[in-house]
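The next block holds one structure in the form of structure tokens; read it before the comments.
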Amino acid sequence: MRPLVLTCLGIVLVAGAIAAPVRAQEHAPVAADSLAAPVDTTLAHPAAPADTAAVPAAAPHVDALAQVVGLEQQRRGAMVAGDTRTLSGIIAEDATYVHSTGIMQTRDELFRLLLNKTIRYLKFDVEKTAYRVYGNTIVGTGVQRIEVLSGGKSLVLHSRYTVVYTLRDGTEKLVAYQSTSMPEMVTKAK
């Protein structure tokens with residue numbers, strides 16, 4: 001009986017050691033401009049997350065994390081191309097999409113804007129990005145500059161954004177996006 005108890009205790013200790021880095025990532029506070037996260041896409045290739053050495057290779061979230069980083073690159077490219085077919089494979093049907101103006105749309109409403117060319121995304125520049133894993137959900141945060149044509153006007157939007165992906169039907173899907181305009185620094189003349 002004693003060897004069985006020791007074996008079970010050993011398995012629990014090993015499992016705890018493997019899961020500890022994941023739990024630390026899930027609950028660690030992230031500074032507003034921090035790049036300390038499982039993946040920093042400004043520095044790492046999407047197929048090779050920067051911090052995977054800290055997480056066991058067999059952990060299922062590592063593949064999901066790499067998939068989300070790739071999906072985010074595809075999403076930005078498809079937004080510029082107005083490619084709603086690609087976007088429909090990335091964005092869940094029940095997703096919410098909140099623009100930096102505060103306007104919230106469903107996926108279909110966003111697609112109508114893109115198809116009608118009411119809004120045209122010209123360029124996405126991601127300055128900082130970090131991702132955190134919470135079970136089957138991955139939350140990405142970052143800073144971006146977007147060049148867009150809206151209502152016949154050319155705009156450059158500088159914003160912080162959050163994307164939320166979750167596992168659906170065996171693949172990661174974007175279920176929420178929100179962008180918040182960055183305040184522009186204004187200095188007063190003395």
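The values are calculated or read from the model by the stated rules, or taken from the named source; none is laboratory data. Keep in mind that what you see is a predicted model, and the values were worked out from it rather than measured. Methodologically, a virtual Cβ is constructed for each residue, glycine included, from the backbone with ideal geometry; neighbour enumeration extends over all protein chains shown. Remember, those area values only see protein heavy atoms, side chains included, never the ligands or the DNA or RNA. Shrake-Rupley method; radii C 1.70, N 1.55, O 1.52, S 1.80 Å.
Between residue 127 and residue 167, what is the spin-label point distance in nm, taking each point 7 Å from the Cα along the Cα→C-beta axis?
3.5
Going by amide H atoms built from the backbone, whose H comes under 5 Å of the H on residue 128, apart from near neighbours?
For residue 128, the qualifying residues are 143.
Based on Cβ point charges of +1 for Lys and Arg and -1 for Asp and Glu, what charge dipole magnitude is obtained for region 59-190 about its Cα centre, in debye rounded to the nearest 20?
560
So if each residue of separation counts as 0.36 nm, and I subtract the Cα-Cα distance between residue 134 and residue 117, what length gain in nm does that give?
Separation in residues times 0.36 nm, less the Cα-Cα distance, equals 2.5 nm.
Compute the accessible area per residue over region 114-190, keeping the other protein chains in place, probe 1.4 Å, unit Å².
59
For residue 182, list long-range residues whose amide hydrogen, built 1.01 Å from N in the peptide plane, is under 5 Å from its own amide hydrogen.
158, 159, 160
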